[in-house]
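Peer 1: Next up is a structure, given as structure tokens.
The values are calculated or read from the model by the stated rules, or taken from the named source; none is laboratory data. Bear in mind that the values here come from a model prediction, so they are computed numbers and not experimental data. Note: ideal-geometry Cβ built from the backbone for every residue, glycine included; neighbour counts use all protein chains shown. These area figures cover heavy atoms from the full protein model, side chains too; ligands, DNA and RNA do not enter into them. Shrake-Rupley method; radii C 1.70, N 1.55, O 1.52, S 1.80 Å.
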Amino acid sequence: MRRELHAGWLAMSVLLGSTAATTSACGEERAKPRPSEESERERAVRDFEEGRRAHLAGHLEEAELAYLRAWSRLKSFDIAVNLGQVQLRLNKPASAAKHLAYGVRTVGPEIEPERLARMLALLDEARTQVGAVQLQGTDAADAEVFVDGERVPAEEVKHEIYVEPGEHRIVIRRAGYEETAIRVVAAAGVRETVPVTMKPVEAKAPEMTVQKAKLPGAAGANGAAVAAASGAGKTKPPAAGARVEERSWVPVIALGAASAVGLAVGVTTTVLSTNARASADKDEEALRYANGQCIEPPSDLTQHCRELRHEAKRAEGFGTASVVSYAASGALAIAAAAYALWPRRPPSASHGLRVLPRTHAGGGGVLVVGAW
């Protein structure tokens with residue numbers, strides 16, 4: 001019965017669209033877009049087509065990898081259902097149930113009853129092999145949920161989390177609340193509801209210190225005032241007749257501008273590093289779902305591993321550049337602030353020459369001392 005069900009599902013795999021040359025409204029043929037000009041949806045269509053061909057040919061590992069690439073670019077019920085079917089045949093029931101459940105939830109009302117019945121049958125088959133956990137409570141609505149250290153998408157948290165039979169550790173984190181850890185023992189075909197109640201973090205009032213400082217020129221020894229909490233006090237005025245050194249602001253402006261340039265470079269390289277890391281994470285997630293590895297990759301994964309290494313190197317390079325830029329920007333800003341805020345020392349008012357007599361055992365002389 002299962003074999004007949006799988007054969008029927010292969011025949012009904014859904015096309016998202018066509019990546020072939022398209023025709024404009026005037027009937028003129030438009031060239032197929034180059035890979036660099038493709039949108040995420042067009043890439044998802046191309047990956048889905050590749051996965052469907054491998055699916056129909058019976059190359060399930062290759063089909064799963066292509067479907068995973070399409071899924072990382074576009075969340076669609078057709079991709080989810082085809083991916084779930086392949087993973088079910090590859091003996092990955094927990095992942096299959098997750099994708100099949102998404103497909104059933106998001107399918108449109110125009111779906112034929114026969115196709116919907118096949119989708120439900122596949123989902124029921126996957127559910128009989130895994131445990132289902134549903135978190136209940138308002139505290140879990142906006143929380144981050146981790147199962148055995150792996151973050152669960154919010155879409156699954158709202159419905160059911162599918163896990164392999166056995167013991168699992170669920171960690172729930174939410175801003176302003178203490179972390180909650182729950183231990184569950186899942187059984188195949190069993191759905192468990194777990195109530196979630198989180199404890200708010202107690203806020204501590206900030207401590208402030210008050211410093212007393214003597215007022216210069218106050219009558220008596222008891223003249224005092226409360227200084228600011230930062231400890232800043234009055235500076236002593238220059239002595240009578242002393243000249244205050246005028247300080248040039250050109251170095252401050254130059255250092256500040258250089259700091260701003262370093263900050264801009266840091267932000268730019270951070271964005272580039274984040275984009276490269278996101279692309280590498282997508283490739284790595286697809287490779288992980290396919291149980292592949294890049295140490296000695298098979299021939300069908302060589303190109304995928306090459307792209308993964310390239311994106312990882314780009315992310316690392318941009319990340320290093322951003323760290324260096326932020327450090328240089330911070331150092332220049334500190335130098336500008338230190339130059340601007342460093343106390344000015346008035347020059348000495350005494351100057352002139354002094355002639356002093358000097359005697360010693362071998363003779364005598366004079367000592368001339370000058371101050372400018």
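Peer 1: Beyond a 32 Å Cα-Cα separation, which of these cross-linked pairs lie in this structure: Lys199/Lys313; Lys199/Lys282; Lys92/Lys199; Lys98/Lys199?
Peer 2: Correct reply: Lys199/Lys313; Lys199/Lys282; Lys92/Lys199.
Peer 1: If every alpha-carbon in the stretch 133-177 counts as one equal scatterer, what log10 I(q)/I(0) does Debye give at q = 0.17, 0.26, 0.31 1/Å?
Peer 2: -0.44, -1.01, -1.35
Peer 1: So, by mean Cβ neighbours within 10 angstrom, what's the order for 282-289, 304-311 with the highest one leading?
Peer 2: Sorting 282-289, 304-311 by mean packing, highest first, produces 282-289, 304-311.
Peer 1: Using the per-residue mean of other Cβ atoms lying within 10 Å as a proxy for protection, in what order, highest first, do the peptides 148-161, 113-126 fall?
Peer 2: Ranking, from highest mean packing down: 113-126, 148-161.
Peer 1: Under a 1.4 angstrom probe, counting protein chains only, how are Ser299, Ser248 ranked by accessible area, largest first?
Peer 2: Ser299, Ser248
Peer 1: Carbon and sulfur together cover what percent of the accessible area of the stretch 138-180 at a 1.4 Å probe radius?
Peer 2: Carbon and sulfur: 45 percent of the exposed surface of the stretch 138-180.
Peer 1: Any chance you could tell me what percent of the C-alpha pair distances in the stretch 63-167 go past 23 Å? Mind dumping the intermediate values first?
Peer 2: Values: 1488 of 5460 pairs.
Everything past 23 Å amounts to 27 percent.
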